[in-house]
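A short write-up of the structure that comes next.
No value in this document is a laboratory result; all are computed from the given coordinates. Just so you know, these numbers come straight off a predicted model, no measurement behind them. Note that we place each Cβ from the backbone using ideal geometry, even for glycine, and neighbour counts take in every protein chain shown.
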Amino acid sequence: MAKAPLPLITVIYDIVKSKGAIKDRELYDLVSSSIPGVSFSQIEEALLKLEVMGKIVASSSGKKGELLIEISGERRYLAPDEE
């Protein structure tokens, strides 16, 4: 019986976790080598889901349009009533 492929967000999270921090283009290269045919927009959508879940943080890396993706770790966001 064939092994079912891992969901895209799981593959992305595992890569980011192993690297600690990674740029979006490098992430795309690694993911597309594991999942042929995956598009950059699919990866962006999965990154957004992971960020909303609180698993990662994506921020501008300083270069035009480039993102740096990191594991969120112990970041804690204040709720509006805690500010």
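The table below lists the values:
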quantity	calculated
Potential lengthening between R25 and Q42 on full extension [0.36 nm per residue; Cα-Cα distance subtracted]	4.8 nm
Cα-based Rg of region 8-73 normalised by 2.2 N^0.38 Å, two decimals	0.99
For L6, L67, L27, order by how many other beta-carbon atoms lie within 10 Å, fewest first	L6, L67, L27
Using a Förster distance of 22 Å, the FRET efficiency for S33-T10 (Cβ separation, nearest 0.05)	0.90
Relative contact order %, region 8-73, counting alpha carbon pairs below 8 Å whose residues are six or more apart	41
Estimated distance in nm for a label pair at K64 and V52, the labels positioned 7 Å out from Cα along Cα-to-Cβ	3.1
